[in-house]
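Q: Pasting a structure here, questions to come.
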Amino acid sequence: MGKLVLILILVFVIAYAVRRALGARSREDDSGSSGQRGGTQPSSPERMLACQHCNAMTPLSAGVVRGGRFYCTQAHAKKAQDV
């Protein structure tokens with residue numbers, strides 16, 4: 001009975017060591033590839049501007065600039081132009 005318990009403990013220790021070693025290897029592989037995707041650098045944060053009509057903060061690329069003023073949508077730019 002004592003030999004059986006010793007063998008089971010030994011099997012669990014070996015399985016734990018193998019699993020831990022494989023896990024460490026996969027984490028190293030993941031960290032090496034996640035740094036750069038396809039050779040491109042991560043983009044920088046985009047500038048946010050307040051809409052002149054409603055003061056909503058909107059990314060520069062998503063908004064509309066008319067007459068030197070920034071608007072969150074075409075509709076707000078048109079409303080400001082009509083006034």
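Q: Report the gain in length on full extension from A75 to S61: 0.36 nm times residue separation, minus Cα-Cα distance, nm rounded to one decimal.
A: Computed gain between A75 and S61 is 3.4 nm.
Q: At A17 and L4, where each label point lies 7 Å from the Cα along Cα→Cβ, what is the point-to-point distance in nanometres?
A: Reported label-point gap for A17 and L4 is 2.5 nm.
Q: Let me ask something else. Hey, what do the phi angles of segment 46-52 turn into as Karplus ³J(HN,Hα) couplings, whole Hz, using 6.51/-1.76/1.60 and θ = phi - 60°, x for Gly and Pro?
A: Along segment 46-52, the couplings run 8, 5, 10, 10, 8, 5, 6 Hz.
Only the coordinates and a few stated rules stand behind these numbers; no lab work does. This one's a predicted model, so the numbers in the text were calculated from it and none came from an experiment. Backbone-built Cβ (ideal geometry, glycine too); neighbour counts: all protein chains shown.
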